[in-house]
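These notes are about the structure you will find just below.
Every number here is computed from the coordinates shown, using simple stated rules; none is lab data. Since this is a predicted model, take the numbers as computed values, not measurements. Cβ atoms come from the backbone with ideal geometry, glycine included; neighbour counts cover every protein chain shown.
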Amino acid sequence: MADELDNAVIALERWLTGAGIRLTDVFGPPATADQVAEVEQALARRLPHDYRRFVMALGGQRFVPTGERQGHLTQLVRNVEILGPAHALGEWRTMSQEWGDAGPGQIATVGPVKPLYKHGLWWPVTCILGSSQYHCLDLDPAANGAVGQVIWIADDDEQRRVIAPSFAAFLGMIAEALAGATPAEEGAELSDEAFDRLLGL
C-alpha cells in the first residue's frame, strides 16, 4: 500500500507525465549511501526516514552543467528548488558559518519551532528565490513539534514558521500546488495563494 511519500511522488510524476516530462528529467541522480552518511555525520543525527527514502530514490532537482563549475538546477516550481544532499550540505554550511549570530531581531514563531535565528539541526531541503530563504527539516523541534517537520526560515526575517509535519507531507503540498499550474522550463508559476501556502503565509 502506498504511503504519504509514495502518493506525493506519484502525483508529481503524473503531473509531469501529462506534459511529456519524465520524473527523472527533473530529479536525479539518486543520493548514494556515502552522501547520506556524510550528511548524517555532519548533523550527528539520522535523517528522517521519508527524506532518506526520497533522496536515495530521486536525489534532488537535477543539476545541469553549463560550463566549468557552472550550471543550474532543472526547474519544477518557479523560485523553489528541491535540493539534493550535496547542494543542501553547501547551503547548510553557509547558514551555519556565514549567517551572523544576532539576526534581524527578536525571533517570533508560528507553530512548535524554537525561536532561534539559526540552528545546526535545521537541514535545508529547498532554496527559495535563489538564496537565503529555505524550507528546512527541523531535527530539534520545540515542545509538541515533530522531528522532521518542515519549517520556513530566512536570513533577513525574524519569524520562523512550521509549514508541514513531515517531508512527505511537504512534498504532497508541492504536488497539490502544482495541480493547477503548467510545466515550464523556468519552473511552473504558482498562483500567489498557492505560493504563499508553501511559505506558511
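Things worth noting here:
- Evaluating 6.51 cos²θ - 1.76 cosθ + 1.60 at θ = phi - 60° for every residue in region 173-183, the Karplus couplings come out as 4, 5, 4, 5, 5, 6, 4, x, 10, 10, x Hz, glycine and proline recorded as x.
- Shape of region 84-155, Cα gyration tensor, a/c cut at 1.5: oblate
- Of the peptides 89-99, 48-58, the order by per-residue mean of other Cβ atoms within 10 Å, starting with the highest, comes out as 48-58, 89-99.
- Whole-Hz couplings from phi, Karplus 6.51/-1.76/1.60, listed for region 187-201; x for Gly and Pro: x, 5, 8, 7, 5, 4, 5, 5, 5, 4, 5, 5, 9, x, 9
- Along the axis of the charge dipole computed for the chain (Cβ charges of +1 for Lys and Arg, -1 for Asp and Glu, origin at the Cα centre), the listed residues H135, G148, L116 are led at the positive end by G148.
- Charges were assigned to the Cβ only: +1 to each Lys and Arg, -1 to each Asp and Glu. The resulting dipole of the chain about its Cα centre is roughly 400 debye.
- Look at where the Cα atoms of region 130-201 and of region 7-84 average out, and the two centres are 15 Å apart.
- Phi-derived couplings, Karplus 6.51 cos²θ - 1.76 cosθ + 1.60 at θ = phi - 60°, listed residue by residue for region 34-42: 5, 5, 5, 5, 4, 5, 5, 5, 4 Hz, with x used for Gly and Pro.
- Treating r as the C-beta distance of E185 and R93 and R0 as 30 Å, the FRET efficiency rounds to 0.50.
- For region 2-78, a simple Cβ point-charge model (Lys and Arg +1, Asp and Glu -1, everything else neutral) yields a dipole of about 180 debye relative to the Cα centre.
- Distant-in-sequence amide H partners of Q159 (H built 1.01 Å from N, under 5 Å): A108
- Nearest-0.05 FRET efficiency for D101 and D3, computed from C-beta distance (R0 35 Å): 0.35
- Degrees separating the helix 49-58 axis from the principal Cα axis of the chain, which is the longest one: 40
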